[in-house]
1. Quick one: Cα centre-to-centre distance for segment 119-154 and segment 75-111, in angstrom?
2. Taking the Cβ of Arg147 as the centre, find all other residues whose Cβ is under 13 Å away and add up their charges (Lys, Arg: +1; Asp, Glu: -1).
3. How big is the C-alpha Rg of the chain next to the rule-of-thumb value 2.2 N^0.38 Å, as a ratio?
4. Taking the Cα centre of the chain as origin, work out the dipole magnitude from +1 charges on Lys and Arg Cβ and -1 charges on Asp and Glu Cβ, in debye rounded to 20.
5. How high is the relative contact order of segment 96-173, in percent, counting Cα pairs under 8 Å that sit 6 or more residues apart?
6. Using the Cβ atoms and a cut-off under 14 Å, what net charge is assigned to the surroundings of Thr57, where Lys and Arg are +1 and Asp and Glu are -1?
7. Note down the Stokes-Einstein diffusion coefficient of segment 128-173 in µm²/s, whole number, using a Kirkwood radius over alpha carbon pairs, 10 °C, and 1.306 mPa s.
8. Return a single number: how many Lys pairs in segment 49-119, at a sequence separation of 8 or more or on separate chains, have alpha-carbon atoms below 23 angstrom apart.
Amino acid sequence: MKSMVDLSHQFLLPVLHKQAICIDATMGNGKDTLFFLKQNVHTVYAFEIQKEVYTNTVSKIENRRFKPYCIGHERMDEYVHKEVDAIVFNFGYCPGFDSSITTTLKTSLVAVEKAISLLKQKGRLALVFYPHEEGLKEAKEIENQLRIRKDINCIKIETFKENSPYLIGVEKE
């Protein structure tokens with residue numbers, strides 16, 4: 001079975017093209033950034049809050065289409081001033097680094113709202129949630145926020161296995 005990250009990539013693939021503008025809202029080790037770049041998109045903006053993670057990942061990705069920022073994803077609208085085709089989030093912590101540093105409810109709620117506002121019509125947003133203490137609260141609140149919006153359509157993909165990652169795919173109407 002494919003991982004939720006792989007499924008998120010499949011969900012985003014139909015909106016990726018040579019002129020696509022993309023955002024990796026939680027850059028981490030750069031898996032999503034590299035996915036976007038391999039699709040030959042125009043630009044990938046990436047946000048990472050941990051300096052060590054940021055430096056490590058940026059040093060491995062040399063590409064003029066890659067625009068990394070060592071700043072929280074809740075500030076993406078300060079750096080991206082174009083309509084966006086695809087955005088991906090992986091909520092939780094960065095594997096291989098300090099697992100006590102996680103995405104947080106407060107900043108993630110703001111970031112998801114800003115992400116939706118940056119999406120172009122028919123643009124897609126993939127949200128991958130991982131179960132950790134803060135993550136469970138974060139996931140519930142973000143789902144509640146998405147349910148009340150009238151300008152998006154959402155799907156949820158999950159397994160029956162308890163405490164496993166799951167994906168919410170969003171398309172802007």
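1. Spelled out, the Cα-based centre of one part sits 12 Å from the other.
2. On the way: positive: Lys140, Arg149, Lys150, Lys156; negative: Glu141, Glu143, Asp151.
Summing Lys and Arg as +1 and Asp and Glu as -1 gives +1.
3. Working: Rg = 14.7 Å, N = 173, 2.2 N^0.38 = 15.6 Å.
The chain yields a ratio of 0.94.
4. On the way: 24 positive and 23 negative charges, 117 e Å.
The calculation lands at about 560 debye.
5. Values: 92 pairs, mean separation 28.7, N = 78.
Over segment 96-173, the number comes to 37 percent.
6. Values: positive: Lys31, Lys51, Lys60, Lys67; negative: Asp24, Asp32, Glu48, Glu52, Glu62.
Summing Lys/Arg as +1 and Asp/Glu as -1 gives -1.
7. Details: Rh = 11.3 Å.
Approximately 140 µm²/s, per Stokes-Einstein.
8. 8
The values are calculated or read from the model by the stated rules, or taken from the named source; none is laboratory data. Please read these numbers as outputs of a predicted model, since none were measured by experiment. FYI the Cβ positions are ideal-geometry reconstructions off the backbone, even for glycines, and counts take in every protein chain you see. Surface accessibility is based on the protein's heavy atoms, side chains included, excluding ligands, DNA and RNA. Shrake-Rupley method; radii C 1.70, N 1.55, O 1.52, S 1.80 Å.
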